[in-house]
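Novice: This structure is in structure tokens; I'll ask about it shortly.
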């Protein structure tokens with residue numbers, strides 16, 4: 001069937017449309033995790049001017065640094081090596097922003113419309129070490145890619161904002177009184193997107209019944 005809204009121009013726009021990176025809370029957390037993992041695998045503390053030698057390896061039995069998402073922490077993992085945990089904060093939608101459900105693109109041929117809403121979410125990076133001096137150096141080493149490549153990260157992953165907002169003072173780690181923890185807060189803002197298809201809006205089947213009273217058989221179905 002001919003679509004009256006489809007034109008040569010709309011077909012050309014759709015054919016040349018670049019795929020968008022679909023961001024989600026879990027996806028944003030994984031981006032930060034991946035950036036840190038790549039940094040630890042490709043760099044060494046000595047090469048960046050830090051006075052320690054611990055190196056990261058994907059094989060946990062060979063690694064001198066433990067890297068994980070916060071909900072997988074185990075006290076045994078941080079007893080003899082420094083650790084980094086990544087966790088996301090609450091997802092929120094800024095009040096007064098008038099782009100809820102705004103169209104990003106439309107595929108008129110298949111009746112698909114991509115929409116988005118602006119969302120903000122903090123990501124927390126916790127750095128844990130065995131003494132306060134080392135933990136300070138370790139946290140500075142960990143925050144390096146998040147600050148040095150901030151603009152490139154923001155552009156490559158389609159963030160509206162990606163910024164280290166503060167680095168907290170060292171505190172005694174609750175799970176290990178002989179360990180210190182430093183919290184790095186990363187503020188992110190991004191488009192939370194979704195695609196609506198025409199078929200998604202159809203009601204496949206509606207069932208109903210009519211009774212004269214609750215104790216008799218159905219009159220109409």
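Novice: Please determine whether any residue of the stretch 10-26 is modelled with pLDDT under 95, under 26 Å from residue 122 (Cα atoms) and part of a strand (DSSP E or B).
Specialist: Yes, the stretch 10-26 has at least one match.
Novice: Here is a list of conditions, (1) in contact with a strand residue (DSSP E or B) (Cβ under 6 Å, 6 or more places away or on another chain); (2) buried (at least 17 other Cβ atoms within 10 Å of the Cβ); (3) at pLDDT 95 or above; (4) under 29 Å from residue 175 (Cα atoms), and residue 145 meets all of them except one; can you say which number that is?
Specialist: It fails just one condition, (1).
Novice: Taking residue 42, is it at pLDDT below 95 and surrounded by fewer than 16 Cβ atoms within 10 Å (Cβ to Cβ)? Write out each step before concluding.
Specialist: Working: at pLDDT below 95: no; surrounded by fewer than 16 Cβ atoms within 10 Å (Cβ to Cβ): yes.
So residue 42 fails the test.
Novice: Condition first: assigned to a loop (DSSP other than H, G, I, E, B) and either free of Cβ contacts under 8 Å to residues at least 24 places away in the same chain or within 18 Å of residue 25 (Cβ to Cβ) (or both). Now tell me which residues in the stretch 171-189 satisfy that.
Specialist: Of the residues in the stretch 171-189, the ones assigned to a loop (DSSP other than H, G, I, E, B) are 173-179.
174, 177 - these are the residues of the stretch 171-189 that are assigned to a loop (DSSP other than H, G, I, E, B) and either free of Cβ contacts under 8 Å to residues at least 24 places away in the same chain or within 18 Å of residue 25 (Cβ to Cβ) (or both).
Novice: Would it be correct to say that residue 124 is at pLDDT 95 or above, surrounded by fewer than 18 Cβ atoms within 10 Å (Cβ to Cβ) and either over 23 Å from the mean Cα position of the chain (by Cα) or not in a strand (DSSP E or B) (or both)? Let's see the steps before the verdict.
Specialist: On the way: at pLDDT 95 or above: yes; surrounded by fewer than 18 Cβ atoms within 10 Å (Cβ to Cβ): yes; either over 23 Å from the mean Cα position of the chain (by Cα) or not in a strand (DSSP E or B) (or both): no.
No; evaluated as a whole, the condition is false for this residue.
Novice: Given (1) modelled with pLDDT under 95; (2) outside any helix (DSSP H, G or I); (3) in contact with a strand residue (DSSP E or B) (Cβ under 7 Å, 6 or more places away or on another chain), identify the lone condition not met by residue 80.
Specialist: With (1) modelled with pLDDT under 95; (2) outside any helix (DSSP H, G or I); (3) in contact with a strand residue (DSSP E or B) (Cβ under 7 Å, 6 or more places away or on another chain) applied to residue 80, the lone miss is (3).
Novice: One residue is enough: does the stretch 163-170 have a residue meeting the conditions touching a residue at least 60 places away in the same chain (Cβ under 8 Å) and either over 20 Å from residue 38 (Cα atoms) or surrounded by 14 or more Cβ atoms within 10 Å (Cβ to Cβ) (or both)?
Specialist: Among the residues of the stretch 163-170, not one is touching a residue at least 60 places away in the same chain (Cβ under 8 Å) and either over 20 Å from residue 38 (Cα atoms) or surrounded by 14 or more Cβ atoms within 10 Å (Cβ to Cβ) (or both), which makes the answer no.
The values are calculated or read from the model by the stated rules, or taken from the named source; none is laboratory data. Note that the structure is predicted; figures quoted are calculated from it, not measured. Heads up, the Cβs are rebuilt from the backbone with ideal geometry, glycines too, and the neighbour counts pull from every protein chain shown.
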